[in-house]
1. Looking at residue B:137 and the list (1) away from chain A (no Cβ under 14 Å); (2) modelled with pLDDT of 85 or more; (3) under 19 Å from residue B:95 (Cα atoms), which single condition is not satisfied?
2. Does the range A:269-284 include one or more residues that are away from every other protein chain (no Cβ under 12 Å) and more than 20 Å from the chain's Cα centre (by Cα)?
3. So how many residues does the range B:262-291 have that are away from chain A (no Cβ under 13 Å) and buried (at least 18 other Cβ atoms within 10 Å of the Cβ)?
4. Is it true that residue A:26 is part of a helix (DSSP H, G or I), in contact with a strand residue (DSSP E or B) (Cβ under 9 Å, 6 or more places away or on another chain) and either surrounded by fewer than 16 Cβ atoms within 10 Å (Cβ to Cβ) or touching a residue at least 12 places away in the same chain (Cβ under 8 Å) (or both)?
5. Please go through the range B:226-246 and give me each residue that is within 11 Å of another protein chain (Cβ to nearest Cβ) and in a helix (DSSP H, G or I), ordered by number.
6. Return the residues of the range B:147-165 that are surrounded by 16 or more Cβ atoms within 10 Å (Cβ to Cβ) and closer than 25 Å to residue B:33 by Cβ; say none if nothing qualifies.
7. Out of (1) touching a helix residue (DSSP H, G or I) at 6+ places or on another chain (Cβ under 7 Å); (2) within 19 Å of residue B:130 (Cα to Cα); (3) surrounded by fewer than 24 Cβ atoms within 10 Å (Cβ to Cβ), the odd one out for residue B:238 is which?
């Protein structure tokens, strides 16, 4: 056997350790690479205002990606996030039409998100049904309700000051959205990596039965995660509605897939049990920089989706391939 | 008698009949044979795709790329027809099926050889295939006047008073019925979804069966690519965008368990027909089409709740320790 391995083409010795490096290392590497390539490819890339504008395109998605990462670590998934955004945006639109105040509109938007998450979580945990089926259903349900309520109409009577959430700047080039995203990242980092709540996510994701027998209230925990995802989808709805200044039932259409792509790209195992918030954080930037850079080069959005799709598969496949090859050598 | 209330198929059948009758009570013409045939014809593509999806779901995977696959083959076939109108259409159909098959095989290979979760693979290939449609067509549409007569005529042509499109779907149903119940590979697909570990120990290659399921799903999506484009006489980048979710919904309503290993051809077809009847009935009874999405959404949620209760009731617990089933 040993003779055969000697004759074979061998990877350099150092390669064998590659699969022991954390996922985040690769992500940072790729991100830096893309960043460098982009700044050479287009003279407009390194402009702070351009970069700041670029963040608007992914921050709203990213805010939902963070709690969704925790949900996926718990072996659940929520495909209805984009529909929740639509429904809560519609609710806010109607609230604005009735002349409610700014605070009330925001509260209504977030509470609709919470209610949707509660419904998802209740059906999933109470009836013990796989989350993917339930949320495929509620994805149509929530968006369907927005269609029923709004039809082909537009709601755009938002009060003054509402536009701040999506368009305002905290300081210099740092937008309110971006600040909120950083805050959310810190919050979810602490929640997932520094608290009991977070440890339980990993426990449930690795083995729900064992987690149950070790005294974790698995159902309540999953329910809470669904509610958190719903709440953050509500927050994203506030930001998006405020940025666009109008609500249609097609708002955020197809976002669920790009948000899940962000999470998976961030190294969260779609089968549950592993993944980190920093990984998702970097993946968000990676996707943002790639789309922004390609946009500057006049690449149409649909071609970007090829690149994002290819990135998703190759980023997942590369470590698997490396492990396969290095196993063959040893 | 009991089977009437417990089996998903019987329930769905009664539900569809009840829907047809109540719509017929409002609009008498709805129950005409010709109208019913056109409703079925309208649902044919959904039925074919749902059957392919069923196999994939039975092996514990999911294929989100069917609609993009359909769009790509549809565009390729339409463009070929536009440039070479004399190219025989049956060969064109075969080409579409092969193209769809190869796309399904790419999905299947990634799942089989690299063991990437199917949802990740097809999420990626979904946007890749859809993007290639754009690259291929450069965003342009292929309209009816650019397609040849026979290209558009074939699915519409009547045989025994029924359109060929309907005949094709009936053919697929019959083949699937045989394949799933009586063929060795069909049973292996069920086995590898029902319990991959047990299937492995009986010598079944689970990954290979997943690959086969994906290939069949791709093949059927390729066939539907031609059917769709020729039926609606137009091909563009966003053809059938979001249709994959309707396909999965049809499977879920039809009682295909998303955990794999469980589901019947009849249920799947009924699930697709349920959606088809709703889509066709709503405009007839004067309900705004905006209701359609919410209705099918609530039906999915209710259907999975109903089946979760039915599954729990069936079978008594004889051995307490056997009742603890490891989840997923």
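The values are calculated or read from the model by the stated rules, or taken from the named source; none is laboratory data. For clarity, every value in this text was computed on a predicted model and none was experimentally measured. Quick reminder, even Gly has a Cβ in these numbers, built from the backbone with ideal geometry, and neighbours come from all protein chains shown.
1. Single failed check for residue B:137: (1).
2. Quick first cut of the range A:269-284, residues away from every other protein chain (no Cβ under 12 Å) only: A:274-284.
If we keep only those that are more than 20 Å from the chain's Cα centre (by Cα) as well, we get none.
Scanning the range A:269-284 turns up no residue that is away from every other protein chain (no Cβ under 12 Å) and more than 20 Å from the chain's Cα centre (by Cα).
3. Number satisfying all stated conditions: 14.
4. Details: part of a helix (DSSP H, G or I): yes; in contact with a strand residue (DSSP E or B) (Cβ under 9 Å, 6 or more places away or on another chain): no; either surrounded by fewer than 16 Cβ atoms within 10 Å (Cβ to Cβ) or touching a residue at least 12 places away in the same chain (Cβ under 8 Å) (or both): yes.
No; evaluated as a whole, the condition is false for this residue.
5. We begin by selecting, within the range B:226-246, every residue within 11 Å of another protein chain (Cβ to nearest Cβ); these are B:237-238, B:241-242, B:244-246.
Those that are within 11 Å of another protein chain (Cβ to nearest Cβ) and in a helix (DSSP H, G or I): B:244, B:245, B:246.
6. Matches in the range B:147-165: B:152, B:154, B:155, B:163, B:164, B:165.
7. Answer for residue B:238: the failing condition is (1).
Yes/no per residue for (1) crowded, with 24+ Cβ neighbours inside 10 Å; (2) over 11 Å from the mean Cα position of the chain (by Cα); (3) in contact (Cβ under 8 Å) with a residue 40 or more places away in the chain:
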residue: A:37; (1), (2), (3): no, yes, yes
residue: A:51; (1), (2), (3): no, yes, yes
residue: A:59; (1), (2), (3): yes, no, yes
residue: A:65; (1), (2), (3): yes, no, yes
residue: A:86; (1), (2), (3): yes, yes, yes
residue: A:92; (1), (2), (3): yes, yes, yes
